[in-house]
Amino acid sequence: MDRNNRQSSDLSGSSLGNDRLENVLGSFDDEESPIVEGSNLRFSRSVQNDCFLEEAALAQYDDFNTIDWVRDRQRERKRFREMRRMKRGSWWERIVQANDAWAGWLVVLLVGLSAGMCAGIIDIGTTWMTDLKLGFCPDNLWFNQESCCWSDSTNFEGTGCSQWESWSSLFHISEKGAAAYVVNYIFYIVVSLFFGLLAVTLVRWFAPYACGSGIPEIKTILSGFIIRGYLGRWTLVIKSLSMMLAVAAGLSLGKEGPLVHVASCCGNFFSYVFTKYHKNEAKKRELLSAAAAAGVSVAFGAPIGGVLFSLEEVSYYFPMKTLWRSFFCAMIAAFTLKYMNPFGTGHLVMFYVEYDNPWKLFELVPFIFLGALGGLVGAFFIKANLWYCKLRKTSKLGRYPLVEVVLVTLVTAVLAYPNPYSRQSSSVLIKHLFSQWGPDDSSELCDYQTESLNSTLNVNDPNWPGAAAGDGVHKAIWQLILAMIFKIIITIFTFGIKVPAGLFIPSMAIGACMGRVLGIGMEQLAFHNPHWYMFESSCGNSIASCITPGLYAMVGAAAVLGGVTKMTVSLVVIMFELTGGLVYIVPLMVAIMTSKWVGDAFVKEGIYEGHIHLNGYPFLDNKEEFTHTTLAADVMRPRKADTQVGKLSWSRFQARAQEESKAKKCLFGRPDHEELEKDKNELLKKDLQEMNKKWGFDFEKEEPIENDRFQWEKVGSTETEKDESRVGQSSAAEKGKDNELARKHSADKYSQLPQTPPKNGK
């Protein structure tokens, strides 16, 4: 091997001190080409004229291995010192140093821009394809229902839009007949099946890693695990397309979780442009943390919540500079999404609330109750979903992902269409439940008995609603309850199928249904009992506007989402950024904390941690508590109670000098192999003698040793005859059993029989 040439090295795994081991063992003769395999470390290269850590040519980790954090951080510090040295170099070196200094901010800028554009395209495409299940816009086929009906002369509400055509209109069928209902029902099912089948086909054939939420795997990758291809370009493209198709199919899933995966794919793509991130896996994870923050920022329009989500939930290593760059990346992503304006409202999300009615102190009781319900629902969902996913892995069900997706899509479409609250997409449902409906709206949620009230009332009037609930509200209550139960059950079977599937929106939809029902109940309780002390003292004469049902829907959504994901601080910030309800932070905090306490009583881990453990990923959660009392010293060196067989004394070996570094006063060498082998054999021989003495048997010669403790007898055919004569009174069955037992032993085997100690007591 030529000493002047550096051989390429292939390092993988997380063995600490691999570089130091490489330098020590790398000093061999020219004829030797050592290969050391241990802890996934393989290398073959020449001696380094340095007694400290040396830079590898290009560190490449094997798939499904863990990175060496210490080694990568040391390499980064060495590279940083080299960049600082360039400040005093030539003009070209100064340019290189300046480019390296700004590379971190430039790459997060590119990631934020790309994440915002991807989210805008996905939002627009998802809305258009979702509305295709219900009809089309004949004048502009690329318009969704809201864009088609948007004009100054049109009051768009529900289906009251002349520009939008349902599928039954193609056959010139009246909209109010049973035939139109059946035709629209069939088209709803067919379009849903087509979108679901296309989504699972794209994932199965082009990017298998594009399925699922992606957050469990992102957490695992950020903790230092290598999953090749999970953040690749094909995964980015297929995840974006199949995400739109899966949501448009009407499945009980969301696109918010997969957007974190999409943003991380963007971060991984741009990491290849900059050498400092491409060649260092630890540095790359700083960029991926910022990308995850940008994903939540564009998913909910919550840049600050995205940074906290990355810090609290997904990131394993989060230094201060990563915090600032994550904040900058999330800000750029939110700005890009707002500029694209995918919803046409000027807001980043669809759930912006317009009301700001102050909440009352007595409402803390129903808020706590909502939090407890959210924790129970979350615990039930986690246990049920993990059970079903485990069943999928261990049964034949997992062999047919396409059939499973088609069946789930078919069942969802068939059962969701009859109920208007489960028929519409989860995002639209949440928007409706968060809203404060007025007397001019056609929703059943605002069907109050207002005949005696002024017809000019609006939603901002203090006397609205100020009446008992009508038949429409009563009908909406049981429809919301049925929709909630349906979504809980169907989401258990949907989350985990081979399509992109997020869990944020379905969880919020379940909680919003639950909260809206409780809010309507509190509203009617206050209307019918205004003389109660808690209502009279807090509401006074404004009983009509004392309770806001939309607030209860918001709190319920946060409670269920917190119970499922176990998020706390970041969820509170996301919710108030999501809705703009800054005055409702305390109710959100109360519900989320109660949800976590109740949920932790049944299930300690969240849904994402559960899937990490189910898939067997090597993830060490810093929030997990360990009750083991074993110390590190117990596994590093023998304890006092252990029997010491022997040890090698390294001080008596002579080392052959291989190479000397006079500049750094270091001497490279290795122990003499012959002396090492000789000492090892002596130790083994000593150990064997101790074993012979202990058991009274020469294991080397395979024969017993005369002693007072044991008597060794040879077992064979002759011994069997002696046994038969000794137990002559045994039954025939017992004799046959003894013979069979004797045949199982070889004539060369020995049986150890205890012997009565001698009378002298020795």
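Since every read-out is calculated from the coordinates, none of them should be taken as a lab result. Here the structure is a predicted model, which is why all the values come from computation and not from measurement. Positions of Cβ are generated from backbone atoms using ideal geometry, with glycine treated the same way; all protein chains shown enter the neighbour counts.
What relative contact order, as a whole-number percentage, does the stretch 65-158 give when Cα pairs under 8 Å and 6 or more residues apart are counted? Relative contact order of the stretch 65-158: 11 percent. Work out the FRET efficiency for Glu677 and Val403 from their Cβ-Cβ distance, taking R0 = 41 Å, and round it to the nearest 0.05. After rounding, the FRET efficiency stands at 0.10. The label-point distance for Leu688 and Leu415, in a model that sets each label 7 Å from Cα toward Cβ, rounds to 7.0 nm. Reported to two decimal places, what Rg/Rh ratio describes the stretch 360-413 when computed on Cα atoms with Rh from the Kirkwood expression? Using Cα coordinates only, the ratio equals 1.28.
Peptides 321-329, 685-693 ranked from most to least packed give 321-329, 685-693, packing being the mean of other C-beta atoms within 10 angstrom over each peptide's residues. When Leu170, Leu373 are arranged by Cβ crowding within 10 Å, least crowded first, meaning fewest neighbours, the order is Leu170, Leu373. Quick one: if the Förster radius is 41 Å, what FRET efficiency do Val237 and Phe171 give, using the C-beta to C-beta distance and rounding to 0.05? Result of the calculation: an efficiency of 0.65. Residue exposure proxy: Lys239, Lys360, ordered by other Cβ atoms within 10 angstrom of their Cβ from fewest to most, comes out as Lys360, Lys239. Need one number: the % of Cα-Cα pairs in the stretch 468-621 sitting beyond the 27 Å mark. Here the long-distance tail beyond 27 Å is 33 percent of all Cα pairs in the stretch 468-621.
FRET efficiency for the Trp205 to Glu93 pair, using the beta carbon distance and R₀ = 41 Å, is estimated at 0.25. Rg ratio for the stretch 189-231: its Cα radius of gyration over 2.2 N^0.38 Å, N being its residue count, equals 1.49. Put a dot 7 Å past the Cα of Gln60, heading toward its Cβ, do the same for Leu525, and the two dots end up 6.6 nm apart. In summary, the convex hull built on the alpha carbon positions of the stretch 159-270 has an orientation-averaged projected area of 9.1 nm².
About its Cα centre, the dipole of the stretch 194-323 is roughly 440 debye, where the only charges are +1 on Lys and Arg Cβ and -1 on Asp and Glu Cβ.
Residue-wise HN-Hα couplings along the stretch 284-297, as the Karplus relation 6.51 cos²θ - 1.76 cosθ + 1.60 with θ = phi - 60° gives them from phi, are 4, 6, 5, 5, 5, 5, 5, 5, 5, 5, 5, x, 5, 4 Hz; Gly and Pro carry x. Extension gain for His278-Lys360 works out to 24.1 nm (0.36 nm per residue, less the C-alpha to C-alpha distance).
Distance between the 7 Å Cα→Cβ label points at Ala179 and Glu536: 6.2 nm.
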